[in-house]
Amino acid sequence: MRREPPRRGSGSPPWRPAELWAALRSHLGLQRDALAGPIDSAEALGRFLDERASFLAQTSLYGYLQTRAGMRYPELFDDDEFVAAINVAKWQLWLDCLSDLAVYAGSRIAQHRPDETPRIGHAMTVVVAQVLDRTGRPKEAGPDFAAHATRVRDRVARTDWLAVGAGEAAFTESPAGIVRWAPVKDELKVLDEEIVRNSVRFRWQAVRRDFADQLRLPPLVQSLTTQSTSSRPR
């Protein structure tokens, strides 16, 4: 998430699109195998939210750009202005993905333990705040990053955890976010919008399955409720 896309020197042969995509995935740490592990504590949940939001943001963004640019895709990374726009887009989309995934994860945990919903909800605001605080304000993220991060915190704090549901209801920001932030001409976005939104929704299906597979509910709820109690003002 925090690295520049790979580039070749001016004397090197051009990247083939499939080769560039593989290099990007490796360079940016996007292999899903690296994202496995039990979600059994507040810390593990925070890592899951951060890493999967990064994974979704970048695979969605780079996938869209690759599809739209076709064989010209490698050439785009020789344009410094375009690379700067990608950096802004990936961070903004990361915030949208973090927002959606946090709402989804918190709602699933609360549905399993409705009696603990107030403490789970408070703990989710703490977990998201910790992710955002660790990230800080990246230099390449653009001037709107801080305000967007505040909106993410506000959304999590205002969520009715038991009303979200198990389907796609939580995923409202990221499908719209890629259309908004991707550095693609507006007239092309109009043509692409429905397909791009559906692509993002489809990508979330694997993340939802991974969350269910990796969730270790009893220790996670214990960790979240303990964190909620310890983080409240005395």
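For the reader, a short list of remarks on this structure follows.
- Averaging 1/r over each pair of different alpha-carbon atoms in region 40-231 and inverting the result gives 17.2 Å, the Kirkwood hydrodynamic radius.
- Counting every other Cβ atom within 10 Å of each residue's Cβ, LEU224, LEU65 order from fewest to most as LEU65, LEU224.
- Between region 116-135 and region 158-234, the alpha-carbon center distance in angstrom: 14
- Residue ranges 159-165, 196-202 sort as 196-202, 159-165 when ordered by packing (mean number of other C-beta atoms within 10 Å per residue, highest first).
- Amide H contacts under 5 Å for ILE39, placed H, 5+ residues apart: LEU215, ARG216
- From most to least packed by mean Cβ count within 10 Å, the peptides 143-151, 104-112 give 104-112, 143-151.
Values in this text are rule-based calculations from the coordinates and carry no lab data. Note that the structure is predicted; figures quoted are calculated from it, not measured. Quick reminder, even Gly has a Cβ in these numbers, built from the backbone with ideal geometry, and neighbours come from all protein chains shown.
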